[in-house]
Each structure stands twice: as structure tokens, then as C-alpha cells.
Amino acid sequence: MKLQHIELSELKVSPVNVRKRGAGEDLGELIASIRSLGVIQPLLVRPNCEGYEVVAGQRRLLACQALQEETGGVAPLPCALLENGDDATALEASLAENVARLPMDEIDQYEAFAVLTVQGRSIADIAGQFGVTELLVKRRLAIAALIPQILSVPTGKSSPRRCSN
């Protein structure tokens, strides 16, 4: 696969994309993330006679289209280019991306939000950046007060290492 940045106007949803329902629902968090950080996971595309069809990444495409309407400009999107091949291979790629997802649990969200508050981010900033409500951020941060003994139990996860200069 080759990585290529492609203009939004050249991208259309592929008929083999497995997500048929609900793709346009609840895009708020994704739009906020893309507005803040850009598209950080490439769309999976293949060429067709009209440009490129999105095999996987339909929600990212729809969020970028919404941002285009809102702001009038979206940078070319990072896309992983599939070889022109059969629909079965494209379908498998689409299915793999959509089935293999696991949403973050509340403790992981708490830990990430807590780090951001220590770094000086306000609850409003965090909520705005991730497209969630301030109430959700407050609830995740409140986990520490409710169950501190659970948070102190080792999980087997290692902390990211920092380089000292």
C-alpha cells in the first residue's frame, strides 16, 4: 500500500464499504478531533473512474465533508491506496477496520483527561477538543474521587517512557 494525500472532492464512499447504517450519526466527537488534530488515521481507498472510493474510513470522510461545509476548506486527506483488485479484498479490508475496534473504557478516559488537566487544560478545552460534553469530562475526572483504591491497583500496563535531555 502507498500513502497519498487526496483532495476531499476526489473521494466517494465505496459500495463495498461494510458500514451501511449509522455512518453519519454522532459525528460530533470525530469532527472535533479532526478540527483539532487533523485526520490521524488514513482512509483506505482504491481508484475508480471518478477519482477514489473509500473502502474504509467513511465516518472520517463524512466528518471532513461536514468540516468543509463549516469552514470552507479541508486539507487533502491521508489515504492508503489499495491496488486495483477484486471487491472481496476491499470488502475484507473494510470489515477488518470496522470489526476490530474497541472503544476506550472509562478508566482509560479518566487517565487521559487527568493528564491533560495536569498539563493545564481546562475541562472546557478538553471537552471541545474531543467533541464531548463538559459533563462527561467532569464525570470521568470524578472517577478518581469515587474509587481511588481501584486506580492504584497495577494493571500490568507500562507507562510511556520519557527521554531526558
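Here, each number is a calculation from the coordinates, and none is a lab measurement. Keep in mind that what you see is a predicted model, and the values were worked out from it rather than measured. Cβ coordinates were reconstructed from backbone atoms using ideal geometry, including for glycine residues, and neighbour counts include every protein chain displayed.
Remarks
- Distance between the pseudo-spin-label points of A144 and S9 (7 Å out from Cα toward the beta carbon): 4.8 nm.
- Phi angles across region 46-51 convert, under the Karplus curve 6.51 cos²θ - 1.76 cosθ + 1.60 with θ = phi - 60°, into 3J(HN,Hα) values of 9, x, 9, 5, 10, x Hz, Gly and Pro given as x.
- Distances between placed amide hydrogens fall under 5 Å for A56 paired with L44, all partners being 5 or more residues away or on another chain.
- Rounded to the nearest 0.05, the FRET efficiency derived from the C-beta distance between T133 and E69 at R0 = 25 Å is 0.65.
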